[in-house]
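Novice: Can you read through this structure? Questions will come right after.
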Amino acid sequence: MSTYIARRESIEDVAGSLPEVASDLTVGLAFSPEEVRESQRLRYSIFAEEMGARLVTPERGLDIDDYDPWCQHVIVRDRLTREVVASTRVLVDRDARLAGGFYSETEFDIGNLLKTPGRIMEIGRTCVHPDYRSGSAITLLWSGLARFLDVHEFRYMIGCASIPMGEGGAGAIATYEMLKEKYQLPEHLCVTPKLPLPERMASVSERQHKPALPPLLKAYIRLGARIGGEPCWDPIFDCADLFVVLSPAELQKRYAKHFLVR
């Protein structure tokens with residue numbers, strides 16, 4: 001964790017600008033390895049225990065991967081219980097190069113986007129404790145991210161948003177078909193899934209599957225997100241992932257009053 005500690009010292013300007021909200025919840029950057037472990041413990045409880053993901057982790061009870069030491073972890077904490085109840089992580093382009101790439105690159109070929117000018121940051125592993133899913137916790141996470149964006153200048157914010165597979169993958173295709181006409185990126189920015197959905201899936205018309213927008217993806221769309229093309233099959237989480245791109249400039253313009261808590 002020595003790399004993590006050294007990098008934390010280099011982002012004091014960001015950490016100092018993250019807001020604390022005068023309520024039962026606060027948001028900020030994780031400063032110590034123990035705070036990162038709290039986030040990883042929450043992630044494990046949700047992804048592995050609640051969702052049944054087959055996580056590969058060196059320590060049971062914690063969701064740990066090779067990207068964590070290179071990320072900056074935004075956490076929401078309950079003032080009364082002191083528990084971390086929501087978290088997400090941020091990987092900026094500079095650190096992604098040191099980490100061997102963005103996490104999204106394990107699922108998609110994003111070469112078209114990487115060729116464009118401007119800086120890129122990635123968010124991922126976003127999760128909220130079941131008891132805090134009424135809206136305030138995720139709003140605070142976005143408040144922290146908006147403050148981070150207020151300090152740095154990024155052209156794109158990217159990430160992967162999970163959608164249910166449905167029977168044979170038909171549900172994921174139904175969701176993608178619903179979104180692509182209005183929300184898909186221009187062709188020259190689109191990505192390619194490295195593991196497309198299984199060919200054995202039945203057609204959407206035969207299965208009559210209804211599109212399903214999980215809360216996180218719905219929040220992305222409301223914030224002006226675009227999807228990058230066809231979904232990728234994620235066998236670890238047994239779901240499909242859509243590549244999502246947001247314009248920080250557009251997000252700040254539309255939502256600054258809501259998220260930039262002073």
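The values are calculated or read from the model by the stated rules, or taken from the named source; none is laboratory data. None of these values were measured; they are calculated from a predicted model. Here the Cβ is made from the backbone with ideal geometry for all residues, glycine too, and neighbour counts use every protein chain on show. Keep in mind that these areas ignore ligands, DNA and RNA; they rest on the heavy atoms of the full protein, side chains included. Shrake-Rupley method; radii C 1.70, N 1.55, O 1.52, S 1.80 Å.
Novice: Give the Rg (one decimal place) followed by the Dmax (whole number) of segment 100-252, computed from C-alpha coordinates and expressed in Å.
Specialist: 15.6, 49
Novice: In addition: Could you state the per residue volume, in Å³, of the convex hull enclosing the Cα atoms of segment 81-178? If you can, show how the numbers build up before the last one.
Specialist: Details: hull volume 15.7 nm³, N = 98.
Residue-normalised Cα hull volume stands at 160 Å³.
Novice: Over segment 29-153, what percent of the accessible surface lies on carbon and sulfur atoms, probe 1.4 Å?
Specialist: Numbers: 2750 of 5480 Å².
Ligands and nucleic acids excluded, carbon and sulfur reach 50 percent.
Novice: Please state, rounded to one decimal and in Å, the Kirkwood hydrodynamic radius that segment 18-160 gives when every pair of distinct Cα atoms enters the mean of 1/r.
Specialist: Working: mean 1/r = 0.0635 Å⁻¹.
Kirkwood hydrodynamic radius for segment 18-160: 15.7 Å.
Novice: Next question. Going by amide H atoms built from the backbone, whose H comes under 5 Å of the H on A240, apart from near neighbours?
Specialist: I163, M165, D234
Novice: Ordered by packing density, taken as the mean number of other Cβ atoms within 10 Å over each peptide's residues, highest first, how do 126-137, 29-40, 238-249, 176-187 rank?
Specialist: On the way: 126-137: 16.2, 29-40: 18.9, 238-249: 21.8, 176-187: 14.0.
Highest-to-lowest ranking by the protection proxy: 238-249, 29-40, 126-137, 176-187.
Novice: Pull out the extension gain between S32 and E50, defined as 0.36 nm times the separation in residues minus the alpha carbon to alpha carbon distance; nm, one decimal.
Specialist: Values: separation 18, 0.36 × 18 = 6.48 nm, distance 2.64 nm.
Once the chain is fully extended between S32 and E50, it gains 3.8 nm.
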